[in-house]
Amino acid sequence: MTRGKAHKYGDHVDTDAIIPARYLMTTDPDELAEHCMEDIDIDFVKKVQPGDIIVAGKNFGCGSSREHAPIAIKAAGVSCVIAANFARIFYRNAFNIGLPIIEQPQAAAEIKVGDELEVDIDNGIIRDLTGGGEWTFSALKGPVADLIEAGGLVNLTRSKLGADG
Amino acid sequence: MSVSMSISEKLLARAAGVDAVRPGEFVTCKLDLVLANDITAPIAIDQFYEMGGREVFDRDKITLVADHSTPNKDIKSAQLVKKMRDFAAVQGLPNYFEGGGCGIEHILIPDEGLALPGDVIIGADSHTCTYGAVGAFSTGVGSTDAGAAMATGETWFRVPAGLKFVIEGSLGKWVGGKDIILYTIGQIGVDGALYKSMEFAGSAVRNLPMADRFTICNMAIEAGGKNGVIAPDATTEEYVKPRATRAYEMLASDEGADYEQVFAWKAEDIEPQISFPHLPENARGLSEVGEVNIDQAVVGACTNGRLEDLRIAAGVLSGRTVARGVRCIIIPGSHDIHLQATREGLVETFLSAGCMVSTPTCGPCLGGHMGVLADGERAIATTNRNFVGRMGHPGSEVYLANPAIAAASAVAGKICGPDDL
Ligand code: SF4
C-alpha cells in the first residue's frame with residue numbers, strides 16, 4: 001500500500017521532459033533525481049515528497065529509451081505513476097527497474113492536482129482520499145508478471161543465469 | 001494450411017522458433033544483434049554484471065557505439081565512453097566503434113553490414129527501429145533489457161498488431177522519406193501506432209533509395225510504434241549484399257496477412273513537411289508554414305546524416321551563402337560518409353557557403369554539444385524530435401524538416417524551400 005499526493009501532467013510527457021539530455025552524463029540515481037521533470041515543472045523536485053504519485057495523460061514516457069527517466073522518477077521518491085497509457089520502452093523500463101506503473105485512464109482523467117491518493121498495488125485499487133473516487137486495475141499477465149514477481153529484470157536474469165550455469 | 005503473416009510476425013516467429021505468432025501473444029526471441037551507445041551502455045554494463053553476467057552471449061552480436069557525445073564533450077561523457085571502451089576490451093568485442101571509426105549508430109550499423117534482412121535486433125536506443133528498412137524486426141529497449149540480452153542472447157516481446165501504410169504515386173520535387181514519415185505522424189499522431197508495428201509499402205516506397213527508407217523506419221518510434229519495416233527488395237539487396245559477412249534472409253508479408261488498419265496515402269498529396277514545436281505530429285506542408293525566422297539550421301542525425309542527404313543539402317547550398325546571423329551546422333553521419341563527402345567536394349561546398357562541418361556525432365540532436373540553442377532561439381533541423389528543450393534551453397524551438405528545406409532555410413534565414421530562393 002502506498003500513499004501520497006498527486007502531481008499531475010498532460011499527454012505525451014516525453015523522456016526529455018522527465019530527464020533532459022544535458023543531465024545524462026551521469027548514471028547516479030540521486031543526481032538524476034535532482035533534475036526530474038525540470039523542463040516542464042521546474043518546482044517538481046522541491047514539491048515532491050517520498051511516496052508521492054505522478055498522474056498523467058496518455059503516452060507517458062514517449063521519446064528516447066533512456067532508463068535514466070524511470071530511474072530519476074524512482075529516486076525522486078515517487079512511489080508509482082498512474083497514466084492513461086505509457087510509451088512502450090518506458091513501460092518495459094519501469095518494470096525492469098521496479099518502478100510501479102499503472103494504466104488507468106479514468107483515474108488519470110479524474111484525479112486532481114494535490115489530491116491525496118492511496119494505491120493498493122497487490123489488490124489493484126486506487127483511492128482518491130481527497131476527491132472520493134475509487135478505481136480498480138487488473139493484475140498484469142505474461143512476462144511482466146514474472147518481472148514483478150521476481151522484483152525486476154536483474155533478479156530474474158540472475159536466477160536464469162544461475163539456473164543455466 | 002499455413003497461417004498468413006506479416007513480415008514482422010514472420011521475423012518474430014522465426015526467432016522464437018515457432019511456426020506462427022499472433023498479435024498479443026508473448027514470445028521469447030533469439031537475438032541477432034544487441035546494441036547500446038555511450039549514454040545507455042554504462043547502465044547496461046552495470047546491470048549485466050549485477051545480474052551475474054560474466055561473458056557476453058556472443059561477441060559478434062554485440063555492438064557498442066560512442067556517438068552521442070563524441071568526441072567526448074566533457075569529463076563526465078569521457079568517463080562514460082571509457083567505461084564502454086573498457087567493457088568492449090575486456091569482453092573482446094570486435095564491433096566497438098569510437099574515434100575515427102565512429103558514426104551515429106543507426107547509420108553506421110547497417111552501413112557496416114551488422115543489421116541484415118531477417119534479423120531480430122534490440123538496442124538501448126529508441127531509434128533502433130531504423131533497421132526495419134533492411135527487413136529486420138528491430139526495436140528500442142532500455143539499458144537493463146540490453147544488459148540482460150547481452151548476457152542471455154534473448155528477450156521477450158509481445159507480438160504487435162500491425163498497421164500498414166501504403167503510399168502510391170510519385171513524390172514531388174524536394175519530397176522524400178522524411179516527408180512521408182512526418183506526414184504519416186501528422187495524420188496518426190505521436191501515439192497513433194503505440195505498441196504497434198508499422199509497415200510501409202506501395203510504389204512510392206518501392207521507388208525510394210535505402211537512405212529514405214532508413215529515415216522512414218527511424219521515425220516509427222515517433223508515432224509510438226514498436227517497429228517500422230519495409231519488405232526487402234532488389235534495392236535492399238543491392239545495399240546489403242556487398243556489406244554482409246553472414247547469411248541473411250529476405251522475407252515479405254503474405255497476401256492474406258492481417259493488419260489492424262491499412263492507411264493509403266497519395267504521394268502527390270505530400271508536400272515537404274515541417275513539424276512545428278513541440279511534437280513531431282505538428283506537421284504542416286511547406287505552403288502552410290508562414291513566416292518563421294531561424295537562428296540555426298542542422299543537417300545530420302540518424303534521420304538525415306547519410307551521403308544522399310548531404311548531396312541534397314550541398315545541391316541547394318552550392319553557390320549560395322548562409323544568411324547572416326544563422327548558424328548552419330552539417331554533421332556527416334559516419335566517418336566514411338565524411339570522407340566520401342570530402343572526396344565528392346560536398347564539404348568544400350558547405351564551407352564555401354558559410355556552413356560549419358562537424359565530425360560525426362549526435363551532438364545537437366539531443367542538445368548535447370555542437371550547436372545547443374539559447375532561450376528563445378529557433379532551429380530548423382533534419383533531426384527527429386522537437387520536444388521542449390530537445391536541442392538546448394527549454395525556451396528554444398526546433399522545427400523538423402528534410403535536408404533540402406533545412407539547407408534552403410539556412411540561406412534565407414527563415415523556413416522555406418529551395419524553389420523560394
Ligand atoms: S542522432 Fe539523435 S535521435 Fe539519432 S541516435 Fe543520436 S541522439 Fe538519438
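Has the range B:292-300 got any residue that is away from the ligand (no atom under 15 Å from the Cβ), surrounded by fewer than 24 Cβ atoms within 10 Å (Cβ to Cβ) and of a type in the set (A, V, I, L, M)?
yes
Do we find a residue being in a loop (DSSP other than H, G, I, E, B), acidic (Asp, Glu) and under 24 Å from A:Asn155 (Cβ atoms) anywhere in the range B:43-56?
Looking through the range B:43-56, at least one residue is in a loop (DSSP other than H, G, I, E, B), acidic (Asp, Glu) and under 24 Å from A:Asn155 (Cβ atoms).
From B:Ser69, B:Ser8, B:Ser4, which residue is small (Gly, Ala, Ser), out of contact with any helix residue (DSSP H, G or I) (no Cβ under 7 Å at 6 or more places or on another chain), in contact (Cβ under 8 Å) with a residue 60 or more places away in the chain and closer than 24 Å to A:Ser64 by Cβ?
B:Ser8
Hey, among the residues in the range B:39-86 that are among the small types (Gly, Ala, Ser) and more than 15 Å from the ligand (Cβ to nearest atom), which one's nearest to the chain's Cα centre (by Cα)?
Filtering first and then ranking leaves B:Ala44.
Counting residues that are within 14 Å of chain B (Cβ to nearest Cβ) and surrounded by fewer than 18 Cβ atoms within 10 Å (Cβ to Cβ), which strands (runs of 3 or more DSSP E) fully inside the range A:68-165 reach at least 1?
Of the strands (runs of 3 or more DSSP E) lying wholly inside the range A:68-165, none has at least 1 residues that are within 14 Å of chain B (Cβ to nearest Cβ) and surrounded by fewer than 18 Cβ atoms within 10 Å (Cβ to Cβ).
Where residues in the range B:361-382 are touching a Cys at 6+ places or on another chain (Cβ under 9 Å) and within 9 Å of the ligand (Cβ to nearest atom), which of them is modelled with the lowest pLDDT?
Here the residue is B:Gly368.
Looking at B:Leu116, is it away from the ligand (no atom under 15 Å from the Cβ) and surrounded by fewer than 24 Cβ atoms within 10 Å (Cβ to Cβ)?
No.
Of everything in the range B:123-144 that's within 15 Å of the ligand (Cβ to nearest atom) and not small (Gly, Ala, Ser), which residue is surrounded by the most Cβ atoms within 10 Å (Cβ to Cβ)?
Ranking the candidates gives B:Thr130 first.
Looking only at the range B:301-329, which residues are under 17 Å from the mean Cα position of the chain (by Cα), within 16 Å of the ligand (Cβ to nearest atom) and either of a type in the set (D, E, K, R) or closer than 19 Å to B:Ala412 by Cα (or both)?
Correct list: B:Arg306, B:Asp309, B:Leu310.
Report, ordered by the first and then the second residue, all pairs with beta carbons closer than 7 Å, sequence separation of six or more or different chains, a first member in the range B:221-232 that is within 13 Å of another protein chain (Cβ to nearest Cβ) and over 13 Å from B:Ala115 (Cβ atoms), and a second member that is among the hydroxyl-bearing types (Ser, Thr, Tyr) and surrounded by fewer than 24 Cβ atoms within 10 Å (Cβ to Cβ).
The qualifying pairs are B:Lys226/B:Tyr195.
The values are calculated or read from the model by the stated rules, or taken from the named source; none is laboratory data. Since the model is a prediction, treat every value here as computed from it, not as a measurement. Quick reminder, even Gly has a Cβ in these numbers, built from the backbone with ideal geometry, and neighbours come from all protein chains shown.
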